[in-house]
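Here the structure is laid out as structure tokens; the discussion comes afterwards.
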Amino acid sequence: MTQYFLTVPHDTAEEPTMESMQEMDPAELEAMIAAVDRFNSALAEAGAFVHAGGLQPPSTAITVDATGGKPTHTSGPFVDAKEYVGGFWIISAPDERAALNWAEQCSAALGSRIEVRALQENPE
């Protein structure tokens, strides 16, 4: 089965974190967490769940470049962008249509857009 990368875009200007989520309306936050828990449970029950996680904002990134003579570490993301990946799921799905169906459920649970990309297969 193909694995798909479902990503959650965030606006760079906002940089939401677990701490800033505490500023949300408690009822809305609780409803969103419950919806995501139901989504994760459905993925697991279907055998589609591989891995998921949230990412710290880009301001916490360190870009490493060891392509030259001496490795460099630069504070910040490797690219400036209007949006960034704030979280992700890796799922197993038999085809793109099934992956898109999971992404629709994920989008509804989070109240956010979701990007879907297939992981590359290993070369034979």
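Against the set (1) 42, 31, 28; (2) 38, 33, 21; (3) 49, 49, 20, the structure's computed Cα extents along the principal axes in Å falls on (3). Modelled spin labels at R38 and A118, positioned 7 Å past Cα toward Cβ, are 3.1 nm from each other. Placing +1 on the Cβ of every Lys and Arg and -1 on the Cβ of every Asp and Glu, with no other charges, gives the chain a dipole of roughly 340 debye about its Cα centre. Between the listed residues A99, N40, S112, the Cα displaced farthest toward the positive end of the dipole of the chain, a dipole computed from Cβ unit charges relative to the Cα centre, is found at A99. Across the chain, the mean sequence separation of Cα contacts (distance under 8 Å, 6 or more residues apart), normalised by length, yields a relative contact order of 47 percent.
Between amide H atoms placed 1.01 Å from N, distances below 5 Å from G86 occur with V8, H10, all of them 5 or more places distant or on a separate chain.
Every number here is computed from the coordinates shown, using simple stated rules; none is lab data. Predicted model only: the values in this text are computed from it and were never measured. Please note: Cβ atoms are built from the backbone with ideal geometry, for glycine as well, and neighbour counts cover all protein chains shown.
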